[in-house]
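Written below as structure tokens is the structure these notes are about.
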Number of protein chains: 2
Amino acid sequence: MDATETAKRTATASAATGRGRGRRQGYATGDARRARILNIALQEFGENGYRGTSLARIAERAELTQAGLLHHFRSKQELLTAVLDLRDAMDAERLDLSNLPDGGEPTLLALVALVEHNARQPGIVQLFTVLTGEAVTTDHPAHGWAQERYRLLSTSIATALQHGVQAGELRADLDATACAQQVMAMMDGLQLQWLLDPERMDMAATFRAYIDGLLKQISA
Amino acid sequence: MDATETAKRTATASAATGRGRGRRQGYATGDARRARILNIALQEFGENGYRGTSLARIAERAELTQAGLLHHFRSKQELLTAVLDLRDAMDAERLDLSNLPDGGEPTLLALVALVEHNARQPGIVQLFTVLTGEAVTTDHPAHGWAQERYRLLSTSIATALQHGVQAGELRADLDATACAQQVMAMMDGLQLQWLLDPERMDMAATFRAYIDGLLKQISA
DNA sequence: GTCTATACCGAGATAGAC
DNA sequence: GTCTATCTCGGTATAGAC
């Protein structure tokens, strides 16, 4: 379910259908409208963070009024939550956490592939980086989401590594939890530098080099 | 935080910042007030980010009105800049980038010491993490600061590593630039997880373990 | 389902008295 | 140097017409 695609299709469809009564035409059906709003909101939250984004701006880009937008999402918070859910769904297509490849090396190489994919998706990466930074504050609406995300990711990766240890693929003295946290930290930290200064950072290559070195170190 | 304590530390920073109001004021009381405001602002920006912080709240905690605050700092932006300068000055006491220890290993161990220090300073760490995340956006008032900071840090560390290579201490095939970026990324990424969930992360130990492994890998 | 209109609030900044 | 008062703007959310 690619929402971007849906949004594009909607734009043309609604323009052609034009089921508005009265002076303006081009009203879309509810669900398509929602998808379009969600996609724009995803971009805006990524570019300006939660606090830096206004509903009016999103509404404008989605070609309705701010009040109209609030018919679909009753509050800004609710919109954010929906965006985070969308992002998670998109992620799940790329990397199924509940079904990581078998063994330590395949798991780490899957992460390399993910970073390579991300290097072509600055918008999505930025949404994550900006919101996670904001969400460090305990009372931020995305705080719980960010915590939950890290817990899920770190235990998933740690478990995969632990399996590698048990299979004799990785060294018996490996601290799987710490290693998983380090790998995630490297991903996030490189993303930050890459977003700030894309010219100076070949994110995918630098991450791959890190994983290569790591594998040499932890392989049995 | 103790305002008078910080007033001393601030001396250089505020002189460098230059508030441009020249000769006419009594510096004794003026600077103490400024220092107090700066410290509170540092906490608030760290807790809520730039956009999430209001001058009124800072003023209230500093026990004056918002208009009174704006007598010392003519705008919110100016206050942020002063806070960033203060932070840099505090950092410089811990780690003099223009005078890193000689050689690769001593440099990396100095970073370990820095992380150990940071693990006892969540407020400062959070200021950095929150603002850097926010500042990914190109039009954020701290964007230039963040870029500059990374450039300075990465070239300093890379240069130190390169010296280690030339001295035969580190492997000749080391990519000093990439390695410096990785080390910074690890610091930032671990900070993020630590701030979100302090219980689950022994930041100092995890970073030290990373550096230990790295040294084994890159030593000649 | 979308609109217009508006209530309501909080922000940053300025003017001018003391 | 600090205050009160005020301006102006932009934000979220609601009410009610169509």
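Here are a few things to note about the model shown:
- Some residue of region A:116-139 being part of a helix (DSSP H, G or I), within 30 Å of A:GLU169 (Cα to Cα) and open to solvent by less than 40 Å² (accessible area, probe 1.4 Å): yes
- Put simply, of B:ALA220, B:ALA176, B:ALA172, B:ALA205 the only residue that is more than 7 Å from chain A (Cβ to nearest Cβ) and at pLDDT below 95 is B:ALA220.
- Members of region A:51-74 found to be open to solvent by 30 Å² or more (accessible area, probe 1.4 Å) and away from DNA strand C (no atom under 13 Å from the Cβ), listed by number: A:ARG57
- Count of region B:163-203 residues which are within 27 Å of A:ALA142 (Cβ to Cβ) and either touching a residue at least 60 places away in the same chain (Cβ under 8 Å) or in a loop (DSSP other than H, G, I, E, B) (or both): 11
- Among the residues of region B:188-198, those that are more than 7 Å from every other protein chain (Cβ to nearest Cβ) and buried (at least 21 other Cβ atoms within 10 Å of the Cβ) comprise B:GLN191, B:TRP194.
- Any chance B:LEU79 is within 15 Å of DNA strand D (Cβ to nearest atom), assigned to a helix (DSSP H, G or I) and crowded, with 16+ Cβ neighbours inside 10 Å: yes
- Test result for A:ARG87, under 24 Å from A:ALA35 (Cα atoms), assigned to a helix (DSSP H, G or I) and out of contact with any Lys or Arg (no Cβ under 9 Å at 6 or more places or on another chain): yes
- Selection of region B:26-74 for residues being away from chain A (no Cβ under 14 Å) and more than 14 Å from DNA strand D (Cβ to nearest atom) yields B:ASN39, B:ALA41, B:LEU42.
- Residue list for region B:90-115, filter: of a type in the set (A, V, I, L, M, F, W, C) and in a helix (DSSP H, G or I): B:MET90, B:ALA92, B:LEU97, B:LEU108, B:LEU109, B:ALA110, B:LEU111, B:VAL112, B:ALA113, B:LEU114, B:VAL115
The values are calculated or read from the model by the stated rules, or taken from the named source; none is laboratory data. Here the structure is a predicted model, which is why all the values come from computation and not from measurement. Positions of Cβ are backbone-derived with ideal geometry, glycine not excepted, and every protein chain shown enters the neighbour counts. Heavy atoms of the whole protein, side chains included, go into the accessibility calculation; ligands, DNA and RNA do not. Shrake-Rupley method; radii C 1.70, N 1.55, O 1.52, S 1.80 Å.
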